[in-house]
Amino acid sequence: MLHLLQFASPALPVGAYSYSQGLEAAIEQGRVRDAAAARNWMASMLHEVLARWDAPVFWRLLRAHAAGDAAAAACWAERFLASRDTAELRAETVQMGFSLGRLLAELELAPAADGEEAYLSALARAVHALGIRREDALLAMLFGWAENQVLVCVKSIPLGQVAGQRLLLSLRPEIELAAQAAQELDDSELSSWAPGLSLLSMQHEVQHGRLYRS
């Protein structure tokens with residue numbers, strides 16, 4: 001549990017706080033302008049994006065490392081990296097993957113990866129090295145995503161701190177459902193198709209006065 005808390009902490013030096021994953025562009029365009037709209041955005045992202053691709057891929061990476069199946073781990077890591085279809089989303093996962101991989105090496109928990117590594121791949125290696133339960137790691141990954149999205153809203157809409165915590169608390173059932181779906185989907189049911197998010201990400205590349213890197 002202590003290992004999980006450490007590696008799920010926003011204080012982990014991997015730079016997660018500097019990315020919004022398209023949310024800043026949605027706020028700029030007026031699509032997310034209050035707490036209710038923010039919750040709808042995050043719930044939709046959880047069910048339509050993370051539960052259908054990011055979380056199931058992470059679950060497969062966790063299982064591959066637990067089984068010692070290096071080929072499967074490499075396959076899913078490559079597929080996830082290939083699914084980042086904008087420059088910002090790819091740069092985000094590569095930068096965070098590099099930072100986490102370097103941290104694992106400096107802490108002597110796991111060797112640094114050869115070449116580019118997606119963040120979820122590095123996180124799965126950390127989970128395996130520290131003996132964290134896979135189910136807990138999956139929930140922590142989704143919660144960490146939601147927490148970061150809430151922080152973006154607190155800073156950029158802006159929302160008050162209490163409103164942000166109320167929003168995060170309200171997302172608990174959505175996070176649990178996304179985690180459950182991630183464990184139950186067959187490979188043929190996975191999908192990274194999210195054209196609206198991709199368009200927002202590309203528009204964010206040229207957004208004036210932005211605070212976040214994606």
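The values are calculated or read from the model by the stated rules, or taken from the named source; none is laboratory data. It should be emphasised that the depicted structure is a prediction, and the values quoted were computed from it without experimental measurement. Here Cβ is always computed from backbone atoms with ideal geometry, including for glycine, and neighbour counts include all displayed protein chains.
Taking the conditions (1) free of Cβ contacts under 8 Å to residues at least 40 places away in the same chain; (2) in a helix (DSSP H, G or I); (3) among the small types (Gly, Ala, Ser) in turn, Gly209 satisfies each one other than (2).
For Leu169, only one of the following conditions fails: (1) surrounded by 13 or more Cβ atoms within 10 Å (Cβ to Cβ); (2) without any contact (Cβ under 8 Å) to a residue 12 or more places away in the chain; (3) under 19 Å from Ser44 (Cα atoms). What is its number? (1) is the only condition that Leu169 fails. Looking only at residues in the range 50-85 that are part of a loop (DSSP other than H, G, I, E, B) and over 19 Å from Arg134 (Cβ atoms), the one that is farthest from the chain's Cα centre (by Cα) is Asp85.
Listed by first and then second residue, the pairs with beta-carbon distance under 9 Å, at least 6 apart or on different chains, first residue in the range 92-112 and among the charged types (D, E, K, R), second surrounded by fewer than 15 Cβ atoms within 10 Å (Cβ to Cβ) and assigned to a helix (DSSP H, G or I), are Glu92/Ser18.
Please verify whether the range 32-42 includes one or more residues that are of a type in the set (Asp, Glu), part of a helix (DSSP H, G or I) and either surrounded by fewer than 19 Cβ atoms within 10 Å (Cβ to Cβ) or modelled with pLDDT under 95 (or both).
No: zero hits.
Residues are listed down the side, and each one gets a yes or a no for (1) of a type in the set (A, V, I, L, M, F, W, C); (2) on the phi < 0 side of the Ramachandran plot; (3) touching a Leu at 6+ places or on another chain (Cβ under 7 Å):
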{"site": "Arg33", "(1), (2), (3)": "no, yes, no"}
{"site": "Val57", "(1), (2), (3)": "yes, yes, yes"}
{"site": "Leu81", "(1), (2), (3)": "yes, yes, no"}
{"site": "Ala87", "(1), (2), (3)": "yes, yes, no"}
{"site": "Ala91", "(1), (2), (3)": "yes, yes, no"}
{"site": "Gly101", "(1), (2), (3)": "no, yes, no"}
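Taking the listed residues His3, His47, the one that is part of a helix (DSSP H, G or I) and more than 29 Å from Arg210 (Cα to Cα) is His3, with no other qualifying.
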